[in-house]
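The values are calculated or read from the model by the stated rules, or taken from the named source; none is laboratory data. Everything numeric here is computed off the predicted structure, so don't read it as measured data. FYI the Cβ positions are ideal-geometry reconstructions off the backbone, even for glycines, and counts take in every protein chain you see.
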Amino acid sequence: MKNEIDIFTVKLYFMTKLIRFFGFFFVFTSSLLTSQKVKVEIGHKNTNKFKQLYEEFSTPNRYRTASGSPGKDYYQQKVDYKMDIVLDDENSRLYGTESVSYKNNSPDELSYLWVQLDQNIRGDYNMENMKTSSGVPEMSSIDPFVEEFTSEKFVGGFNIEKVTGENGRPLRYIINKTMMRVDLPNPVKSGQVFNFSIKWWYKINNHVPARDRSGYEYFSEDDNKAYVIAQFFPRLAVYNDVEGWQNYQFWGNGEFALNFGDYDVKITVPDDHIMEATGELQNPKDVLSKSELQRYKKAANSFEKPVVIVSEEEVREKEKKKSNGKSTWHFVAKNVRDFAFASSRKFIWDMMAVKIGGKNIIASSLYPKEGNPLWEEYSTRVVAHTLEIYSKYTFDYPYPKAVSVHSKNQGMEYPMICWNYGRPNEDGSYSDRTKYAMISVIIHEVGHNFFPMIVNSDERQWGWMDEGLDTFVQFLTEQEFEEDYPSRRGDPSKIVRYMSGDQNFLSPIMSNPENVFQLGPNAYSKPATALNILRETIMGPELFDFSFKTYAKRWKFKHPTPEDFFRTMEDASAVDLDWFWRGWFYSTDVVDIGIKSVDNYVVSEKPSKEIDSILSKYGMTANDLNPSVFMEKNPTNFEKNPEIETDSTSTFEALDNALGDDKKLPKYFYEIQFEKPGGLVMPIIVDYSYEDGTKERIKYPVQIWRKNDSIVKRLITSDKKLIGVELDPDAETADINLNNNSWPEINSISDFDKFKEKIKG
């Protein structure tokens, strides 16, 4: 029996009876009130936590449907690049020419094109530094202090030599910081292709001091550099149905919005360099030695362990003497959104194959000797593991390879290639912390092939759509890599500290990356944790995994928005999640659900003081009623009155007769009152502990809060004595306050039960 017993039921009963007798009185009174001034309360808008997200969401249209899938008229531009690149190792410069083919698949005519010049963030106006308020540091570590106040500031940025049309004639262009507008001689109509070329060069930065995404690391002991090169060429901005031109300036945190296209790239480097890049190598015979080529071919069919193509011993020999020769590596990539490469004579190279969807995919790693023994032991194996697990939760990895490149202080992703940190001590030793940090960053950056390199969200606008989704699948991948893997993000308990912080320094997940106070928790940890909670606690793995995979497949090689993700998750699961998105993604509310009170009720023939008061208002007593059952709250006097007079038991006798021989009242009635000091609504997960040592777990759905956002009650009936109540026992809701999550023992016994025992005796 689990019927909620409350005073409202009693009040309703009496009011119904009284209205029958005094209906005329209410009519008379209401007519008097109309002639008097009545205070009118100000109304309010719908603030219910379960309100639908119609106001926040964009209106569905022919481009993006209400179900979250691409519409029948969905479009995206296609941009192809053909490039010739020269790496000047001696002077640390990069020279390039690119031929661009821009296909206008939109329904609009375009009179100009916007081109991203991300290297210009290092220009003489230094956008990344100038955007932030700064003052005199009262305390600073020595090295950063010296670097900040004594080092010569690096000034880089693109040097645009010329922009020409297909006929070789100059095109007018104007540069606005990290954006360049190319004015067209004639508008590009829908369905047309516009071809043009850009010639450029820039100085390559040392990426180590400022932890830049791209540049070189200098090794003074052997006078060599290791290059990880990205954002290295002028790239077309996105034009779409959501924003038109996505020409938001590159300020550093918000990353990249890019088009899909095909790449044909030739890169000239010193001929003793080893390199990897986005795409498939077209000329291995031209750039590899005979022995390297043999190992390269062997690695393509090695599924058990990596094959070393260039060994540490061979690298040590190359470090001693630099070659003056040049070689050109040729890469071709189909349907990718970007291109990056790494090059150095210091690179050890290993490779293995992994079977994904019936295809052989290459997993490989480049790393200097400074990365061993850690890198040779783990990197390539982790790449292979990542491709397998991410494919399980999304779609089969479609590209021919994935490469992990060692780079100090780096963690950055590009199609088919990424940079990762994790360097042992000089003697080769390393801690578990270093080991797992390296494994985690490799999983994360390789995983970015799926989000956003293939499911191509706008990183500059919505950082969480790539970082948060990737971090979530990273968590799943880590847990399958090793039992009890020490994941840093994803577990609900690990987001509590951030969510319980000063609200003045918290931002909703649905914020531009440039406008948040703490990018890591905001774009990585919190959305990953939210999705983990959604999977494990709200939806369940089966429904969640199907919906998540549906989203990934729907938007594979397309440009989704947050609404597309939110809508798809609901569309594929039949779970209303508007309350979840509003709370977790659109607000900085926190989870704090506690136990306000636990009250024991016993069956009684005497009305409570409150019932007596209600009856007296209408000139009634309990004797005016038919025999009724009353519930007494937390009785304390039963021990002083053990005897029950037989002439005062009409109610109990009537109740006993009504029950008969085949029915039995529960021995205990408990009213559990839950409160919610926090703003987020969540399911209430409760462990009830009983005197006999048993436990019962009940999960009340989140909808229990739909009509009262502060306090809800539940009636628990049992023949067993309740001795403990615990909320969120497995810490799965990110509750920031555990002090109100438990309740101790309470003692009570029913007078009716004492009556039953008396008549038995």
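If you go through region 632-665 one residue at a time, how many are at pLDDT 55 or above and not β-branched (Val, Ile, Thr)?
Going residue by residue through region 632-665, those that are at pLDDT 55 or above are 632-636, 649-665.
Next, from what is left, pick out any that are not β-branched (Val, Ile, Thr): 632-635, 650, 652-665.
Total satisfying the criteria: 19.
List pairs: first in region 166-179 and free of Cβ contacts under 8 Å to residues at least 60 places away in the same chain, second charged (D, E, K, R), Cβ under 6 Å, 6+ apart or cross-chain?
Within 6 Å, the pairs are Arg172/Asp183; Ile174/Arg181.
I need the full set of residues from region 364-393 which are surrounded by 22 or more Cβ atoms within 10 Å (Cβ to Cβ) and part of a loop (DSSP other than H, G, I, E, B), in order please.
Answer for region 364-393, where residues must be surrounded by 22 or more Cβ atoms within 10 Å (Cβ to Cβ) and part of a loop (DSSP other than H, G, I, E, B): just Pro368.
Among the residues of region 272-323, count how many are surrounded by 13 or more Cβ atoms within 10 Å (Cβ to Cβ), part of a loop (DSSP other than H, G, I, E, B), within 43 Å of the chain's Cα centre (by Cα) and in contact (Cβ under 8 Å) with a residue 24 or more places away in the chain.
Total meeting the criteria: 10.
What number of residues in region 342-363 are out of contact with any Asp or Glu (no Cβ under 7 Å at 6 or more places or on another chain) and either small (Gly, Ala, Ser) or assigned to a strand (DSSP E or B) (or both)? So that I can check it myself, show each step before the final result.
Keep residues of region 342-363 that are out of contact with any Asp or Glu (no Cβ under 7 Å at 6 or more places or on another chain), which gives 343-344, 347, 349, 351-353, 355, 358-363.
If we keep only those that are either small (Gly, Ala, Ser) or assigned to a strand (DSSP E or B) (or both) as well, we get 343-344, 349, 351-353, 355, 358-363.
So the count comes out to 13.
When you scan region 71-104, how many residues do you find that are assigned to a loop (DSSP other than H, G, I, E, B) and either surrounded by 16 or more Cβ atoms within 10 Å (Cβ to Cβ) or among the acidic types (Asp, Glu) (or both)? It would help to see each step written out before you state the result.
Narrowing region 71-104 to residues assigned to a loop (DSSP other than H, G, I, E, B): 71-77, 89-92, 104.
If we keep only those that are either surrounded by 16 or more Cβ atoms within 10 Å (Cβ to Cβ) or among the acidic types (Asp, Glu) (or both) as well, we get 73-77, 89-90, 92, 104.
Number of matching residues: 9.
For region 577-591, enumerate the residues that are over 17 Å from Leu506 (Cα atoms) and either acidic (Asp, Glu) or touching a His at 6+ places or on another chain (Cβ under 6 Å) (or both).
Result: Asp578, single match.
When you go through Asp662, Asp656, Asp728 one by one, which is the residue that is within 37 Å of the chain's Cα centre (by Cα) and either outside the structural domain of Ala530 (by TED's automatic domain parsing) or loosely packed, with under 14 Cβ neighbours inside 10 Å (or both)?
On the way: Asp662 fails: within 37 Å of the chain's Cα centre (by Cα); Asp656 fails: within 37 Å of the chain's Cα centre (by Cα).
Only one candidate passes the filter, namely Asp728.
Go through (1) in the same structural domain as Pro209 (by TED's automatic domain parsing); (2) small (Gly, Ala, Ser); (3) free of Cβ contacts under 8 Å to residues at least 60 places away in the same chain one by one and return the number of the condition Gly43 breaks.
(1)
Does region 668-679 include one or more residues that are charged (D, E, K, R), in the same structural domain as Ala731 (by TED's automatic domain parsing), in contact with a Pro (Cβ under 8 Å, 6 or more places away or on another chain) and at pLDDT 95 or above?
Taking region 668-679 and keeping what is charged (D, E, K, R), we get 671, 675-676.
If we keep only those that are in the same structural domain as Ala731 (by TED's automatic domain parsing) too, we end up with 671, 675-676.
From what is left, the residues that are in contact with a Pro (Cβ under 8 Å, 6 or more places away or on another chain) are none.
No; the residues of region 668-679 include none that is charged (D, E, K, R), in the same structural domain as Ala731 (by TED's automatic domain parsing), in contact with a Pro (Cβ under 8 Å, 6 or more places away or on another chain) and at pLDDT 95 or above.
Residues are listed down the side, and each one gets a yes or a no for (1) touching a Leu at 6+ places or on another chain (Cβ under 7 Å); (2) assigned by TED's automatic domain parsing to the domain that holds Lys494; (3) surrounded by fewer than 17 Cβ atoms within 10 Å (Cβ to Cβ):
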residue	(1), (2), (3)
Asp576	no, yes, yes
Trp581	yes, yes, no
Tyr601	no, no, no
Ser604	no, no, no
Lys609	no, no, yes
Ser613	no, no, yes
Tyr618	yes, no, yes
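Can you name the residue in region 202-250 that is at positive phi, part of a loop (DSSP other than H, G, I, E, B) and not acidic (Asp, Glu) and, of all such residues, is surrounded by the most Cβ atoms within 10 Å (Cβ to Cβ)? Break it down into steps so the answer makes sense when it comes.
The first filter runs over region 202-250 and keeps only residues at positive phi, leaving 211, 215, 223, 231, 244.
Right, trim to part of a loop (DSSP other than H, G, I, E, B) and you get 211, 223, 231.
If we keep only those that are not acidic (Asp, Glu) as well, we get 211, 231.
On the way: Arg211: 13, Gln231: 22.
By that ranking, first place goes to Gln231.
Go through region 531-630 and tell me which helices (runs of 4 or more DSSP H), entirely inside it, have 1 or more residues that are within 19 Å of the chain's Cα centre (by Cα) and touching a residue at least 60 places away in the same chain (Cβ under 8 Å). Before you say what the answer is, go through the steps one by one.
Details: elements: 541-554, 562-571, 609-617.
Result: 541-554, 562-571.
Just to verify a result, which residue in region 711-761, among those that are at pLDDT below 95 and among the hydroxyl-bearing types (Ser, Thr, Tyr), is farthest from Lys49 (Cα to Cα)?
Result: Ser750.
Does region 109-119 contain at least one residue that is in a helix (DSSP H, G or I) and in the same structural domain as Val228 (by TED's automatic domain parsing)? Please lay out each step first, then the result.
The initial filter retains those residues of region 109-119 that are in a helix (DSSP H, G or I), namely 118-119.
After this cut, where a residue has to be in the same structural domain as Val228 (by TED's automatic domain parsing) as well, the list is 118-119.
Taking every residue of region 109-119 in turn, at least one turns out to be in a helix (DSSP H, G or I) and in the same structural domain as Val228 (by TED's automatic domain parsing).
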